[in-house]
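To keep things clear, I will list the structure first and then write my remarks on it.
The values are calculated or read from the model by the stated rules, or taken from the named source; none is laboratory data. Since the structure is predicted, the reported quantities are computational estimates derived from the model, not experimental observations. Note: ideal-geometry Cβ built from the backbone for every residue, glycine included; neighbour counts use all protein chains shown.
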Protein chains: 2
Amino acid sequence: MPVTIRDVARASGVHISTVSRTFSAPHLVNPETRVRVLACAEDLGYRPNRAARALITGRTHNIGLIIADIANPFFPPLIKAAESQARHRDYHVFVADTNEDAAAEEELVHALAKQVDGVLLCSPRMSNSLIEQLSREVPLVVVNRQLAGLPCVLMDVGQGARSAIEHLAGLGHRELALLGGPRGSWTSREIRRAASAAARAAGADLTVLGPNPPTETGGLAQAEQVHRAGVTAVLAYNDLMAIGLLEGLDALGVRVPQEVSVVGVDDISLSRLTRPKLTTVATPTAAAGRTAVDMLLQQDTDLPRTTRGGGATVAVGVRRTTAQVMLQTELVIRDSTGPGPYAGRERPGTAAAGPGPHRRADPGNPVVAAGDVVAS
Amino acid sequence: MPVTIRDVARASGVHISTVSRTFSAPHLVNPETRVRVLACAEDLGYRPNRAARALITGRTHNIGLIIADIANPFFPPLIKAAESQARHRDYHVFVADTNEDAAAEEELVHALAKQVDGVLLCSPRMSNSLIEQLSREVPLVVVNRQLAGLPCVLMDVGQGARSAIEHLAGLGHRELALLGGPRGSWTSREIRRAASAAARAAGADLTVLGPNPPTETGGLAQAEQVHRAGVTAVLAYNDLMAIGLLEGLDALGVRVPQEVSVVGVDDISLSRLTRPKLTTVATPTAAAGRTAVDMLLQQDTDLPRTTRGGGATVAVGVRRTTAQVMLQTELVIRDSTGPGPYAGRERPGTAAAGPGPHRRADPGNPVVAAGDVVAS
DNA sequence: CTGAAAGCGCTAACAA
DNA sequence: TTGTTAGCGCTTTCAG
């Protein structure tokens, strides 16, 4: 039933290799033959079998996308952008969900390795050394994790956390808390590092609570702790946790932002819909997805996979280019942050309202323009 | 570099066909040989190449998942459940996003057809006849669309819409509006049909506004119309639109539920987070994903794909079983609905508060238990 | 129970 | 420019 190259060859009266060439190297075939073959292919509804093709070319034209949790609203825009970008370049995307489980990540990379030309590892939870090891099995691009020898797409959450803390300190908050993210998260460490430094610089205390699951429940569960700790402002690992915290504080009768200010990270679409609307550090998720795919496919074109004869695969020359791209983040000030107990004191210039609200601007297409290359 | 069946054969001193059997028909191989082969495979890190295998078996062990819009929060839980269920059964999932575009759907089915054993079409926008035609190219399971000859997973939004309208009428609303969904959506038609009938039965007027894009913006854009139409209660095609409407009404200074009641459909996680919390018809998205995958794989096991000799593919006997599964929905009453102008009049028994709030219960694993088979 | 051989759909030398 | 041939990694008859 499925129509193969042979059917087309028969129909157009040429050898199958001519049909093959018509699709994979059209310039090597006589224009007249080409149109005839194309016509036959068309009305037989022929489509090359990519898997069969992959067997010999070594390129599947598929990529893998490994995601910690598809249901976490942070990821869908990234998935969508990655899939769209991949498809524009004639690649298809396997999507796999690991449920935030490091072991599942490893297994998935193995399972997908032979079926794809490369894998995007998004917010991985496994160790750096394991990632490096896996990268010898299949080309990898890592999102939200910095690794020396590998191409990475990073979001500058450090800068974001700093802005958030400065915003809060500027509003007169001195007792701050940080709701940490999950164990193994590079993002969580970055936020913690930057937030601690910024708090110190601003002469504020920062209590770290966590690690926590990066979910609404995770935030909700810490509401009482936050309340008891007597802090007046909280930075959460992500918006989901911030929203959970909002709910928890509401249940405890704590008013936001009058008694406690809350800042999230990500700017998921939900954050404009809570009451109060969430102040948050916007991360360019869609751009990250596009960029990561670009980097993976770039690498893919650079690296010849197979050489005929002997069946041995020979890595020809080209060393992997391991650019690391850092995408900018931006503090979006909404309604969940307000003046703290020291407002107007000690830092007169900045205490009033902070800078005017920013709107998140999702960067456009170009890879390099989307961020700064921090290493290569 | 990639280790093949031949490497394992060499290492364990047997013929490649024995290695092959060790993996695809272990019972046909001497236990002692088997363990030896397995051991060699293990420490060489051998994994069968599924694409090569597919070439001869006719089964790729992949499925395709075609989604109108990954970023629409309705879909991620479905994708997650489908991917998880597929993987449990040793299948991988291609995910593709169509941006609500019917033409893209068709192209994607073609593009994926050869690489998968079947495709899940979720909330398709293309015509029934086209879907039927495509189903001759690759096994299809359709979610949120009813088609005579094809396996479908449906959610009983008709019942849901009826409950919603009855709930509103019971609260004393007589002037109702329906925000319709996108053109080509079966769900939208079902809701409209059921809502109209229920309104008529309750002696209420129902103004239909639409079609609309199934997004927050789509709902927001209709706020003024709703206000101007003078209705006191609105049923929206989905939660996203309902939430947009909430925002729009808020901007117009219209209070919910005091002046206008709003009901959504889907019960996306967001709906518990808006203020007021959204009353909505919960749809069992995760169960739909699982069920659809089950039906697809069931079909896949039923339908032998290839027969050796002559290379012709022969459909052997078995007719496709085209069960249609209808999953239950449930009205979840929260804070966006309240008494209307006729509260307490004319229908004394029901006007007060309606039935107590329900919590959405996501049905468990089993396919058939998850709903009623309405046809087969 | 195991080996030999053919071939899935396709591409890539090599010859003509 | 086209046909011939070998073979990608694997499964599956068919003999032995």
- Message: Tally up the residues in region B:1-28 that are within 11 Å of DNA strand D (Cβ to nearest atom) and more than 11 Å from every other protein chain (Cβ to nearest Cβ), please.
- Response: 15
- Item | Unmet criterion (only one of (1) in a helix (DSSP H, G or I); (2) within 14 Å of chain A (Cβ to nearest Cβ); (3) more than 19 Å from B:Ile70 (Cβ to Cβ)) for B:Glu107 | (3)
- Those residues of region B:175-203 that are hydrophobic (A, V, I, L, M, F, W, C) and buried (at least 22 other Cβ atoms within 10 Å of the Cβ) come to a total of 8
- Task: Answer yes if at least one residue in region B:339-354 is modelled with pLDDT of 50 or more and in contact with a strand residue (DSSP E or B) (Cβ under 7 Å, 6 or more places away or on another chain), and no otherwise.
- Result: yes
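Filter region B:82-93 for residues that are crowded, with 21+ Cβ neighbours inside 10 Å and within 7 Å of another protein chain (Cβ to nearest Cβ) and give the result.
Taking region B:82-93 and keeping what is crowded, with 21+ Cβ neighbours inside 10 Å, we get B:82-83, B:85-86, B:91-93.
Of everything in region B:82-93, those that are crowded, with 21+ Cβ neighbours inside 10 Å and within 7 Å of another protein chain (Cβ to nearest Cβ) turn out to be B:Glu83, B:His92, B:Val93.
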- Query: In region B:221-240, how many residues are out of contact with any Ser or Thr (no Cβ under 7 Å at 6 or more places or on another chain), under 14 Å from B:Ser261 (Cα atoms) and of a type in the set (Asp, Glu)?
  - Reply: 0
- Item | Elements of type strands (runs of 3 or more DSSP E) in region B:231-305, at least 1 residues being within 14 Å of chain A (Cβ to nearest Cβ) and either in contact (Cβ under 8 Å) with a residue 60 or more places away in the chain or among the small types (Gly, Ala, Ser) (or both) | B:261-266
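Take residues that are closer than 30 Å to A:Ile70 by Cβ and tell me which of the helices (runs of 4 or more DSSP H) falling wholly in region B:1-77 contain 3 or more. Lay out the reasoning, then the answer.
Values: elements: B:5-12, B:16-24, B:31-44, B:50-57.
In region B:1-77, the matching helices (runs of 4 or more DSSP H) lie at B:50-57.
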- Message: For the structure I just gave you, tell me whether B:Asn72 is at pLDDT below 95 and more than 12 Å from DNA strand D (Cβ to nearest atom).
- Response: yes
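Restrict the check to region A:29-41 and report whether at least one residue is within 14 Å of chain B (Cβ to nearest Cβ), within 9 Å of DNA strand C (Cβ to nearest atom), at pLDDT 95 or above and surrounded by 14 or more Cβ atoms within 10 Å (Cβ to Cβ).
Keep residues of region A:29-41 that are within 14 Å of chain B (Cβ to nearest Cβ), which gives A:41.
Narrowing the set further to residues that are within 9 Å of DNA strand C (Cβ to nearest atom) leaves none.
No - not one qualifying residue is present in region A:29-41.
Give me the residue from region A:57-81 that is more than 10 Å from chain B (Cβ to nearest Cβ) and either free of Cβ contacts under 8 Å to residues at least 24 places away in the same chain or under 17 Å from B:Pro73 (Cα atoms) (or both) and, out of that set, surrounded by the fewest Cβ atoms within 10 Å (Cβ to Cβ). Even if it seems obvious, please write down each step before you answer.
Our first condition is that a residue be more than 10 Å from chain B (Cβ to nearest Cβ); within region A:57-81, this holds for A:57, A:59, A:63, A:66, A:68, A:74.
From the residues that got through so far, the ones that are either free of Cβ contacts under 8 Å to residues at least 24 places away in the same chain or under 17 Å from B:Pro73 (Cα atoms) (or both) too are A:68, A:74.
On the way: A:Ala68: 25, A:Phe74: 22.
The qualifying residue surrounded by the fewest Cβ atoms within 10 Å (Cβ to Cβ) is A:Phe74.
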